[in-house]
Amino acid sequence: MPADLRARLGQVELPNPVLAAAGCAGAGRELAQFIDVARAGAIISKSIMTEPRTGNPAPRLTETPSGLLNSVGLQGPGIDAFLQRDLPWLLSHGARVVVSIAGQTVREYGALAARLSGAAGVCGVEINLSCPNAEDAGRLFALDPATAGTVVAAVRGSLRYDMPVFAKLSPDVTDIVAVAGACVGAGADGLSLINVMIGMAIDPATMRPVLAGAYGGLSGPAVRPVAVRCVWQVREAFPDVPIIGTGGIRTGRDALELLLAGASMIAVGTAIVTDPSACSRVARELEEELTAVGADRVADVIGQAHAPRGALRARAVGR
Ligand SMILES: Cc1cc2nc3c(=O)[nH]c(=O)nc-3n(C[C@H](O)[C@H](O)[C@H](O)COP(=O)(O)O)c2cc1C
């Protein structure tokens, strides 16, 4: 019997727990030539802002050992075009959609949430807190527990119905549990861990930063141990809060690692860049991994790395 991959996002049942991470599948259309978007657990949209934006100047991407540095910035069509064009397309193709939102002020996040309240068919909202706060000298919202909580409260307060809200946190903090706690306290139903880590590359030939914006977000396998650590710490502190684990997942085995750390769903980002079918492949491989460790369903492994050595773990160790 293959393992049961079904997962839950609020009231919605997902066919599997493998989501496309924000920004790595655009608005989903880009993936459609490679995969059936209805077969991904869900598609998390590129972070949407109130107005159309062109993003940062090029060059915006560079490879690093086992990773990618990107400074794409929040490029996108804005909420109106997303709601008129991209969301209906995704829904008409049977995708489950989580809308990622990004703002430059607390008010902007609230306004985006209010707009989403009128959109039928959205499974959840992911708040991208790794955005510069225009009212605090460009400091990222995610860096301060109180500020992150204020954003979550604004989103929660602006949603007219009970849509699941996930706060997406940055690993670039001293105490991720404190930020997670502030977000949960302010009304987040779940957490997404992790967004990119801020990094930089310098080209010795030009003696200048490689990226036009100097800094970029590090993603890919290089950050997976950081994601595992963050998910582990947050699960330890808030065992009942659902977590979407993200960071360097490339295989079913990587996905299993994040689930064991405490994620109840996982999202694949950078791996999609080189393998557009990564979500379906990872889901297939995860099914095999679950069978190999003697798990009948995803729930059997969530957070198991925290549990005292049990029957399931004993079987896994002996495989
Ligand atoms: C090119 C690119 C664009 C991204 N855009 C977004 C975005 O719009 N919103 C967001 O919350 N995260 C964004 N991310 C972060 C990813 O969703 C993910 O959290 C991060 O890359 C770690 O996962 P990975 O190692 O599987 O890529 C982006 C990442 C990349 C590589």
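The values are calculated or read from the model by the stated rules, or taken from the named source; none is laboratory data. Source: prediction; values computed, not measured. Glycine gets a Cβ as well: all are built from the backbone with ideal geometry, and neighbour counts include every protein chain shown. Ligands, DNA and RNA are excluded from the accessible area calculation, which covers all protein heavy atoms including side chains. Shrake-Rupley method; radii C 1.70, N 1.55, O 1.52, S 1.80 Å.
The table below gives the values:
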read-out	value
Volume per residue that the Cα convex hull of the stretch 1-65 spans, once the total is divided by residue count, Å³	166
Point-to-point label distance, R229-Q11, nm (Cα→Cβ direction, 7 Å offset)	4.0
Mean-position separation - Cα centroids, the stretch 83-101 and the stretch 217-245, in angstrom	26
Virtual spin-label span in nm between S92 and D36, 7 Å along Cα→Cβ	1.9
Beta bridge orientation in the stretch 62-136: antiparallel %, DSSP, nearest 5	40
Shape call, the stretch 9-156: gyration tensor on alpha carbons, a/c limit 1.5	oblate
Max mean-square fluctuation residue, GNM over the chain, Cα-Cα springs under 10 Å, options T246, T50, T174	T174
For the stretch 81-196, fraction of C-alpha pairs farther apart than 20 Å, in %	38
Among A292, S264, G121 - extreme Cα towards positive end, dipole of the chain, charges at beta-carbon	A292
Average accessible area per residue (Å²) across the stretch 178-319 - probe 1.4 Å, nucleic acids and ligands excluded	43
Of all accessible heavy-atom area on the stretch 92-134, the percent that carbon and sulfur account for (1.4 Å)	54
Ellipsoid semi-axes in whole angstrom, largest first, where each is sqrt(5λ) of the Cα gyration tensor of the stretch 54-122	27, 17, 11
Along principal axes, Cα extents of the chain, largest first, whole Å	53, 52, 41
Among D254, D296, D240: highest mean-square fluctuation, GNM of the chain, C-alpha pairs under 10 Å	D240
Global form of the stretch 144-293, assessed from the alpha-carbon gyration tensor, a/c cut-off 1.5	oblate
